[in-house]
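One structure is given below, encoded as structure tokens.
The values are calculated or read from the model by the stated rules, or taken from the named source; none is laboratory data. All figures in this text were calculated on a predicted structure; none of them were measured in a lab. Using ideal geometry, Cβ is built from the backbone for each residue, glycine included, and neighbour counts are taken over all protein chains shown. Ligands, DNA and RNA are stripped out before the accessible areas are found, and what is left, the full protein with its side chains, is counted by its heavy atoms. Shrake-Rupley method; radii C 1.70, N 1.55, O 1.52, S 1.80 Å.
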Amino acid sequence: MTHEIAVIPGDGIGQEVTPAAVDVLEALDVDFAFVEGEAGDAVKAETGEALPQETREIAADADATLFGAAGETAADVILPLRQVVDSFANVRPAISYPGLDAVQPDTDLVFIRENTEGVYKGIESEITDGVTTCTRVITEDASEKIADFGFDYARQNDYDDVTIAHKANVMRETDGLFLDTAEAVGADRGADYDTALMDALAMHLVMHPEDYGVVICPNLAGDMLSDLAAGLVGGLGLLPSANVGEDNALFEPVHGSAPDIAGEGVANPAAMILSAAMLLDHLGYEDEGDRVRTAVEATLEDGPKTPDLGGSASTEAVTEAVVDRL
Ligand code: ATP
Ligand code: MG
């Protein structure tokens with residue numbers, strides 16, 4: 001069976017790391033048909049639209065999407081794209097790899113971030129001069145869905161520790177509902193879990209990341225805590241992510257378009273290739289996903305390495321090394 005994969009490189013290093021991920025997918029024995037779409041600053045300059053209708057349709061029709069990065073227009077591209085694939089869960093693993101200089105070399109965390117509500121509803125207003133408000137939306141349905149997803153993810157990926165992050169002592173209604181709902185999901189399953197106030201959790205994650213596994217979070221908390229964890233494991237060039245919906249999903253590196261190094265051919269392709277590995281898992285090719293992860297890990301450890309990891313290799317040389325190891 002052929003899987004149709006939408007490929008949207010976007011801007012900056014998105015143009016360099018996305019082809020690297022496609023090369024890796026093509027080296028596997030899986031039947032993919034790639035359909036490329038445009039998005040980001042460059043296409044906006046040309047057509048006036050950062051996310052052309054044609055690209056939306058390519059993503060909507062595909063079995064999954066690989067997205068690189070967008071520059072200035074990032075919010076105009078990725079927020080609607082996440083809606084196109086109807087993603088309710090943002091999955092962000094932060095794992096430290098042997099042979100790299102990480103703040104916390106014993107980190108193996110996965111943030112499961114609610115992807116549809118909270119303050120990201122964008123309901124803000126200026127009441128009067130100097131007074132503004134933001135309405136935070138938390139629903140039982142979305143909270144239950146993300147908790148279900150998080151507990152499933154922990155079971156399927158052999159994580160023993162599940163933590164529900166919240167701030168229900170202050171946001172009694174909204175995070176109160178999030179917490180109660182997520183705890184009820186855990187209790188229904190007879191699953192083990194902990195709950196943690198998100199501020200204290202931030203501190204514990206810095207000091208003892210090894211105590212945590214899957215962390216289920218409301219939207220903004222997931223954004224912030226996963227970036228914090230990115231800092232623990234050694235840099236943006238390493239972190240993949242998935243936006244998962246009921247029938248569709250989009251995979252993208254956590255990093256952006258990195259204009260400071262774009263065009264030089266030295267971007268680290270690991271984050272994007274690891275995003276492709278998550279795509280493989282999602283489509284049921286877990287063995288292939290593992291093969292890709294193993295090849296990336298070996299390359300991170302033994303090289304060649306890109307300059308962000310202290311090496312001098314090009315994106316292409318690293319990609320070739322990963323493909324050779326497959
Ligand atoms: P954007 O607005 O698109 O997010 P940015 O300036 O915030 O752009 P990021 O892509 O978020 O840039 O990257 C932040 C820093 O991390 C930059 O210095 C960038 O060079 C570096 N960086 C990000 N991704 C990679 C990568 N894949 N390889 C090497 N360095 C990277
Ligand atoms: Mg950025």
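In Å², and per residue, what accessible area does the stretch 179-326 have when probed at 1.4 Å with the other protein chains present?
41 Å²
Among THR174, ALA230, PRO209, whose Cα projects farthest towards the positive end of the dipole of the stretch 102-232, with charges put on the beta-carbon of Lys, Arg (+1) and Asp, Glu (-1)?
Working it through, the farthest residue towards the positive pole turns out to be THR174.
Counting only other residues whose beta carbon sits under 10 Å from that of GLY99, what net charge do I get with K and R as +1, D and E as -1?
Once positives and negatives cancel, what remains is -3.
Choose one answer from PHE178, PHE32, PHE251: the residue with the largest mean-square fluctuation in a GNM of the chain with alpha-carbon springs under 10 Å.
Ranking PHE178, PHE32, PHE251 by mean-square fluctuation puts PHE32 first.
Magnitude of the Cβ-charge dipole of the chain, K/R +1 and D/E -1, about the Cα centre, nearest 20 debye?
So the magnitude is around 580 debye.
What's the extension gain from ASP61 to ARG189 if we count 0.36 nm per residue and subtract their Cα-Cα distance?
42.6 nm
Can you figure out the FRET efficiency of GLU26 with LEU220, using R₀ = 35 Å and their beta-carbon distance, to the nearest 0.05?
So the FRET efficiency works out to roughly 0.40.
At most 13 other Cβ atoms within 10 Å and a DSSP loop assignment: could you name the trypsin sites (Lys or Arg not before Pro) in the stretch 1-88 that fit?
Answer by residue number: there is no such site.
For the chain, set up a Gaussian network in which alpha carbons nearer than 10 Å are linked by springs, and say which option among GLY48, GLY14, GLY245 fluctuates the most.
GLY48
In a shell of Cβ-Cβ distance under 12 Å around MET1, excluding MET1 itself, what net charge do Lys and Arg (+1) and Asp and Glu (-1) give?
-3
Taking the Cα centre of the stretch 208-326 as origin, work out the dipole magnitude from +1 charges on Lys and Arg Cβ and -1 charges on Asp and Glu Cβ, in debye rounded to 20.
The calculation lands at about 200 debye.
Pop the C-beta distance of ASP158 and GLU72 into the FRET formula with R0 = 45 Å and round what comes out to the nearest 0.05.
0.65
Per residue, how much accessible surface does the stretch 33-147 expose to a 1.4 Å probe? Answer in Å², no decimals.
That works out to 49 Å² for each residue.
With all protein chains present, how much of the accessible area of the chain (probe radius 1.4 Å) comes from carbon and sulfur, to the nearest whole percent?
Within the chain, the accessible surface is 46 percent carbon and sulfur.
Where the centroid of each part is defined by its Cα atoms, how far is the stretch 264-311 from the stretch 154-226 in Å?
Going from one Cα centre to the other spans 28 Å.
Report the GluC sites (Glu not before Pro) located in the stretch 130-230 that are in a DSSP loop and have at most 16 other Cβ atoms inside 10 Å of their Cβ, or state none.
Within the stretch 130-230, the qualifying GluC sites (Glu not before Pro) (loop, at most 16 other Cβ atoms within 10 Å) are GLU173.
Would you calculate, for the chain, the mean residue ellipticity at 222 nm contributed by helices, counting each DSSP H stretch of 4 or more residues as -39,500 (n - 2.57) and dividing by all residues, to the nearest 500?
-13500 deg cm²/dmol
Under 28 Å from the Cα of LYS121, which lysines turn up, not counting those fewer than eight places away in the same chain?
The qualifying lysines are LYS44, LYS145, LYS167.
What are the ³J(HN,Hα) values, in whole Hz, obtained from phi via the Karplus relation 6.51 cos²θ - 1.76 cosθ + 1.60 with θ = phi - 60°, for each residue of the stretch 222-229 in sequence order, with x given for Gly and Pro?
Here the 3J(HN,Hα) series is x, 4, 6, 5, 6, 5, 4, 5 Hz.
With Cβ to Cβ distances under 9 Å as the rule, what net charge do the other residues near GLY68 carry (K, R +1; D, E -1)?
My count for the surroundings of GLY68 gives -3.
What distance in nm separates the simple spin-label points at THR2 and ASP247, each placed 7 Å from Cα in the Cβ direction?
2.0 nm
Please list the equivalent ellipsoid semi-axes of the stretch 102-232, computed as the square roots of five times the alpha-carbon gyration tensor eigenvalues, in descending order and whole angstrom.
Equivalent ellipsoid of the stretch 102-232: 26, 19, 12 Å, largest first.
If you take the charge dipole of the chain about its Cα centre, with +1 on Lys and Arg Cβ and -1 on Asp and Glu Cβ, which of ALA142, THR132, THR163 is farthest toward its positive end?
It is THR132, whose Cα lies furthest towards the positive end.
Considering only LEU326, ALA69, ALA196, whose Cα is most displaced toward the positive end of the charge dipole of the chain, charges sitting on Cβ of Lys, Arg (+1) and Asp, Glu (-1)?
My answer, from the dipole projection, is ALA196.
What are the trypsin sites (Lys or Arg not before Pro) within the stretch 111-182 that DSSP puts in a loop, where the Cβ has at most 11 other Cβ atoms within 10 Å?
Listed in order of number, the matching sites are ARG172.
How big is the charge dipole of the stretch 102-232 about its Cα centre, in debye rounded to the nearest 20, if each Lys and Arg gets +1 on its Cβ and each Asp and Glu gets -1 on its Cβ?
220 debye
Between GLN53, GLN83, GLN104, where does the largest GNM mean-square fluctuation fall for the chain, given springs only between Cα atoms within less than 10 Å?
Evaluated over the chain, the most mobile residue of the options is GLN53.
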